[in-house]
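Written out below as structure tokens is the structure these notes cover.
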Amino acid sequence: MKALSKQLRPYWLTVLVIMLFHVVQAYTTLLLPDITSKLIDTGIQNKGFEYAVPFDLTAKGYQTLSQLMLPDEQEALTQNYQEASDGHYQLKADIKAEPKALSALEKKLIKPLAISQMRQQLTPAQQKAMQSQMALQPKRDPKAMVQAVRQKADQQMDKLGDSVVKSAAIRYVKSEYEASGKKADQQQMRYLWRQGGWMLAVSLLAMLGAVAGHYYSAIVAANIGHDLRRLSFDKVLQFSQKEMNDFSAASLITRSTNDIQQIQLILTVVLRITLFAPVLAVGGIMHVIATKSTMTWIIVVAVVAVLAIVGVLFALTMPRFKRLQSQVDKVNLFAREILTGLQVIRAFGRQETESQRFDGASQELKSTYLFTNRAMSFMMPLMMILMNGVSILIIWVASDKIGQGSMQVGEMTAFMNYAMQIIFSFLMFSMMAVMFPRAMVAAERVQEVIDSPLSIQDPANATPLPSQITGLVKFNHVAFRYQGAQEDTLQEISFEAKPGQTTAIIGSTGAGKSTILQLLMRFYDVTKGQITIDGIDIRQFSQADLRSMMGYVPQKGVLFSGTIESNIAYGVDDLSPAKRDLAAQIAHASEFIQEKEDGYQAAIAQGGSNVSGGQKQRLSIARAIAKDPQIFLFDDSFSALDYRTDASLRKALGEQIKDATVIIVAQRISTVLDADQIIVLDEGQIAGVGNHASLMKTSKVYQEIAQSQLSQVELAQYGQAGTEGQDGR
């Protein structure tokens with residue numbers, strides 16, 4: 001969680017804006033059930049009459065109501081109604097415009113209105129029987145008679161429930177409205193249009209809040225994904241060989257792609273759902289509490305059931321989610337190995353074996369995916385059953401209340417909507433809890449790369465490059481040991497590579513030749529000793545400045561997708577055509593470049609797969625020459641060239657870069673014959689230093705190399721006539 005919050009911190013203001021949009025969306029969403037309830041109860045059942053208060057009363061209706069009213073009710077009637085010119089009575093305008101006043105007046109008038117409506121619903125026979133019964137009663141005071149009638153009527157209405165009483169009162173209001181010469185249907189349509197328009201406006205506002213929230217959530221998630229990719233890639237570019245060994249290439253690719261994609265996805269969901277769900281749940285609970293419903297226990301039961309279901313699924317899937325990322329790494333590792341070594345696999349007929357090896361890793365990943373997906377597939381059906389069960393339970397409990405008159409259909413609908421929203425909020429939040437583990441693992445893996453300490457760093461106060469650099473390289477008692485190794489790879493390496501001279505390093509495989517170049521470029525740092533350029537320890541330079549002095553040609557030519565020109569100019573920002581052509585000519589690449597239809601603009605495929613090994617190597621050499629460095633490093637760079645091209649290229653190279661320091665690592669002795677200085681390595685130690693002629697006399701190791709690669713004629717040609725009998729040869 002810390003890793004995600006760390007990435008979100010720079011976007012806190014945008015997150016607040018997203019939160020504001022979520023509040024707008026939640027508020028408007030929670031208004032819709034209430035509007036729906038009013039449409040059903042008021043708009044449909046009550047024909048658009050919102051209050052049990054008549055705006056117009058006929059003289060007969062006014063008189064009827066007065067006869068059934070208690071003194072305080074009669075006072076409210078006379079204070080709030082005034083007689084019109086046509087003999088009707090109208091509600092005062094200031095009362096009409098004030099909802100609170102209408103609600104207060106409704107409480108005074110609702111029972112007389114309901115009683116009047118119930119009396120109107122009596123059949124003529126029932127009315128005649130009531131009048132006969134009243135005639136048989138002894139003469140009473142009119143007020144006492146009204147109180148007796150009201151007492152009996154109030155007892156009956158208490159049994160019916162508030163909603164039935166209000167419906168009866170509104171029916172009387174409707175009858176008086178029509179008796180006044182107005183059409184109740186028009187009143188209903190006006191109410192429906194008004195409420196429908198309000199519902200549409202609220203829905204549009206909710207939609208805008210949702211769209212805006214989702215839009216900014218996507219922007220934040222995309223920016224964080226971009227930031228993580230940039231940070232991780234920039235960090236990998238600073239990695240030394242040690243860090244590259246700690247993180248496999250396959251793992252770094254997975255972390256930079258799949259893991260960041262997981263983080264971006266979870267951030268989008270977090271900002272869209274996790275922030276929205278609590279707001280919706282809290283708002284829904286507040287609305288339910290405001291309704292003072294006795295069915296709140298249903299929501300509590302439903303929420304507990306949701307948490308129980310998600311808790312079980314979480315316990316089942318959590319361990320598997322932790323395995324997923326490492327299994328993805330494993331599959332990517334095998335895929336990379338197989339694709340890189342495809343020719344070797346075919347040459348040795350190991351297709352079936354490698355296929356089984358890859359299939360084994362893929363099967364493990366598939367099994368984990370299937371288990372988690374099968375477990376999660378139960379969630380939606382279970383939640384649908386739960387939500388449908390809650391709906392049935394609400395209808396079953398509410399139907400009894402509707403029958404008793406203590407609840408209306410619209411109120412039941414609103415409560416059901418609020419219940420579904422609350423349950424759905426907890427469901428969304430719980431689903432996020434299930435998705436979080438994998439995202440947390442991905443975030444930790446990416447953060448591990450970003451926070452990984454660098455074993456090779458620039459000094460705090462780096463020495464600036466001298467204005468004049470000669471390129472004098474010195475190794476002073478250098479030793480080096482790989483991390484975790486039991487012994488040194490290089491021991492007591494001391495030599496000097498001078499400008500204008502070629503220093504060659506030769507030795508058997510594993511003697512440490514390439515390691516010397518890697519130490520000079522600070523791909524590794526020495527364990528002991530010191531390497532200097534022009535007398536300055538290379539650790540005092542920044543890595544960028546240090547490597548700017550060098551033109552490096554690796555043992556295996558590496559090209560990048562683009563064109564021939566872009567690869568030659570890879571180390572130079574503004575390479576002129578003249579320098580480009582010269583570099584290609586020295587590297588003996590001009591011939592095959594001119595044969596191509598597009599010349600220097602000919603496309604180079606990824607990894608240089610559309611050129612031969614020799615062409616790839618010559619372009620790598622041209623790239624180093626185009627940089628015009630003070631120090632040239634050739635790591636067995638001529639091995640892919642034939643002997644004639646090798647000799648011709650080195651001759652042309654010597655003529656053009658005669659002022660530079662040249663260090664050549666080679667396996668072939670023919671490559672180093674003309675070197676000014678040859679360093680012979682044997683098991684990490686210097687076994688001889690000199691030119692070819694002197695080493696043939698003084699170095700047993702060099703003699704063995706020469707005799708293993710050169711014929712007797714060649715040995716004689718290169719001055720080896722007197723050593724044929726040495727060491728039993």
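The values are calculated or read from the model by the stated rules, or taken from the named source; none is laboratory data. As the structure is a computational prediction, the values presented were derived from the model and not from experiment. When we count neighbours, we look across all protein chains shown, and the Cβ atoms used for this are built from the backbone with ideal geometry, even at glycine.
Only residues in segment 313-339 that are within 16 Å of Asn258 (Cβ to Cβ) and in a helix (DSSP H, G or I) count as the first member; pair them with residues that are of a type in the set (D, E, K, R) and modelled with pLDDT of 75 or more, Cβ under 7 angstrom, at least 6 apart or cross-chain, and list the lot.
Listed by first residue and then by second, the contacts come to Gln325/Asp259; Gln325/Arg445; Gln327/Glu364; Phe334/Arg357.
Residue by residue through segment 447-482, note down the ones that are outside any loop (DSSP other than H, G, I, E, B) and either more than 30 Å from Gln262 (Cβ to Cβ) or among the acidic types (Asp, Glu) (or both).
Hits for segment 447-482 are Glu448, Asp451, Val473, Lys474, Phe475, Asn476, His477, Val478, Ala479, Phe480.
Where in segment 86-151 are there helices (runs of 4 or more DSSP H), lying wholly inside it, with at least 3 residues that are over 19 Å from Met69 (Cβ atoms), modelled with pLDDT under 85 and aliphatic (A, V, I, L, M)?
Result: 124-136.
Identify, by number, the condition in (1) surrounded by fewer than 17 Cβ atoms within 10 Å (Cβ to Cβ); (2) modelled with pLDDT under 85; (3) under 28 Å from Thr470 (Cβ atoms) that Gln555 doesn't meet.
(1)
Just checking, does segment 317-329 include any residue being among the aliphatic types (A, V, I, L, M) and either in contact with a Gly (Cβ under 9 Å, 6 or more places away or on another chain) or surrounded by fewer than 17 Cβ atoms within 10 Å (Cβ to Cβ) (or both)?
The answer is yes; a qualifying residue exists.
Each row is one residue, and each column tells you yes or no for (1) more than 12 Å from Tyr62 (Cβ to Cβ); (2) buried (at least 19 other Cβ atoms within 10 Å of the Cβ); (3) among the aromatic types (Phe, Trp, Tyr).
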| residue | (1), (2), (3) |
| --- | --- |
| Glu75 | yes, no, no |
| Gln79 | yes, no, no |
| Ala84 | no, no, no |
| Lys92 | yes, no, no |
| Ala97 | yes, no, no |
| Leu109 | no, yes, no |
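Taking Tyr552, is it part of a loop (DSSP other than H, G, I, E, B), closer than 20 Å to Phe523 by Cα and among the aromatic types (Phe, Trp, Tyr)? Steps first, answer last, please.
On the way: part of a loop (DSSP other than H, G, I, E, B): no; closer than 20 Å to Phe523 by Cα: yes; among the aromatic types (Phe, Trp, Tyr): yes.
In short, no.
Those residues that are within 30 Å of Leu316 (Cα to Cα), modelled with pLDDT of 80 or more and polar (S, T, N, Q), I need them from segment 335-377; list them, please.
Of everything in segment 335-377, those that are within 30 Å of Leu316 (Cα to Cα), modelled with pLDDT of 80 or more and polar (S, T, N, Q) turn out to be Gln356, Ser362, Gln363, Ser367, Thr368.
Filtering segment 621-636 down to residues that are of a type in the set (Val, Ile, Thr) and within 44 Å of the chain's Cα centre (by Cα), which residue is surrounded by the most Cβ atoms within 10 Å (Cβ to Cβ)?
Step one: of segment 621-636, the residues of a type in the set (Val, Ile, Thr) are 621, 625, 631.
So of that shortlist, the ones also within 44 Å of the chain's Cα centre (by Cα) come out as 621, 625.
Values: Ile621: 27, Ile625: 25.
Taking the candidates together, the pick is Ile621.
Note down all Cβ pairs under 8 Å where the first residue falls in segment 190-213 and is under 30 Å from Phe49 (Cα atoms), the second is charged (D, E, K, R), and they're at least six residues apart or on different chains.
Every condition considered, the pairs that remain are Tyr191/Glu50; Gln195/Lys38.
Counting just the residues of segment 237-286 that are charged (D, E, K, R) and either free of Cβ contacts under 8 Å to residues at least 60 places away in the same chain or touching a helix residue (DSSP H, G or I) at 6+ places or on another chain (Cβ under 6 Å) (or both), which one comes out surrounded by the fewest Cβ atoms within 10 Å (Cβ to Cβ)?
Ranking the candidates gives Arg272 first.
Matching residues to (1) crowded, with 21+ Cβ neighbours inside 10 Å; (2) closer than 27 Å to Ile593 by Cβ; (3) of a type in the set (Phe, Trp, Tyr):
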{"site": "Phe638", "(1), (2), (3)": "yes, yes, yes"}
{"site": "Tyr643", "(1), (2), (3)": "no, yes, yes"}
{"site": "Leu649", "(1), (2), (3)": "no, yes, no"}
{"site": "Ile664", "(1), (2), (3)": "yes, yes, no"}
{"site": "Arg668", "(1), (2), (3)": "no, yes, no"}
{"site": "Leu673", "(1), (2), (3)": "no, no, no"}
{"site": "Gln685", "(1), (2), (3)": "no, no, no"}
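Yes/no matrix, rows are residues, columns are (1) modelled with pLDDT of 90 or more; (2) hydrophobic (A, V, I, L, M, F, W, C):
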| residue | (1), (2) |
| --- | --- |
| Asp158 | no, no |
| Gly161 | no, no |
| Val165 | no, yes |
| Lys174 | no, no |
| Gln195 | no, no |
| Leu200 | yes, yes |
| Ala206 | yes, yes |
| Tyr216 | yes, no |
| Gly225 | no, no |
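So Gln67 fits all but one of (1) in contact (Cβ under 8 Å) with a residue 60 or more places away in the chain; (2) under 25 Å from Val288 (Cβ atoms); what number is the exception?
Answer for Gln67: the failing condition is (2).
For (1) under 20 Å from Ile631 (Cα atoms); (2) over 37 Å from the mean Cα position of the chain (by Cα), each residue gets a yes or a no:
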residue: Ser542; (1), (2): yes, no
residue: Gly557; (1), (2): yes, no
residue: Gly562; (1), (2): no, no
residue: Asp574; (1), (2): no, yes
residue: Ile593; (1), (2): no, yes
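Name the residues in segment 235-278 that are outside any helix (DSSP H, G or I) and farther than 30 Å from Gly209 by Cβ, would you? Full working, then the answer.
Of all residues in segment 235-278, those outside any helix (DSSP H, G or I) come to 238-240, 247-248, 275.
Scanning segment 235-278 gives Gln238, Phe239, Ser240, Phe247, Ser248.
When residues of segment 45-64 are filtered for being assigned to a helix (DSSP H, G or I) and of a type in the set (S, T, N, Q), how many remain? If you could, list the steps in order and put the result at the bottom.
As a first pass, look at segment 45-64 and keep what is assigned to a helix (DSSP H, G or I): 45, 59-64.
If we keep only those that are of a type in the set (S, T, N, Q) too, we end up with 45, 63-64.
Residues meeting the conditions: 3.
Checking Gly349 against (1) assigned to a helix (DSSP H, G or I); (2) exposed (fewer than 14 other Cβ atoms within 10 Å of the Cβ), only one condition comes out false. Which one?
Just one mismatch for Gly349, condition (1).
If only one of Gln421, Gln356 is assigned to a helix (DSSP H, G or I) and free of Cβ contacts under 8 Å to residues at least 24 places away in the same chain, which one is it?
Being assigned to a helix (DSSP H, G or I) and free of Cβ contacts under 8 Å to residues at least 24 places away in the same chain holds for just one of Gln421, Gln356, which is Gln356.
Yes or no: Gly529 crowded, with 16+ Cβ neighbours inside 10 Å, more than 18 Å from Leu633 (Cα to Cα) and in contact with a strand residue (DSSP E or B) (Cβ under 6 Å, 6 or more places away or on another chain)?
yes
Out of (1) surrounded by 18 or more Cβ atoms within 10 Å (Cβ to Cβ); (2) at positive phi, the odd one out for Gly500 is which?
(1) is the only condition that Gly500 fails.
Residue check, Asp185 against (1) surrounded by fewer than 17 Cβ atoms within 10 Å (Cβ to Cβ); (2) within 30 Å of Phe429 (Cα to Cα), all met but one. Which one?
So Asp185 meets the others, but not (2).
List the residue pairs whose Cβ atoms are under 7 Å apart, where the first residue sits in segment 603-620 and is farther than 14 Å from Ser566 by Cβ and surrounded by fewer than 19 Cβ atoms within 10 Å (Cβ to Cβ), the second is at pLDDT 85 or above and not small (Gly, Ala, Ser), and the two are 6 or more positions apart or on different chains.
From segment 603-620, the pairs are Gly607/Leu559; Asn610/Ile604.
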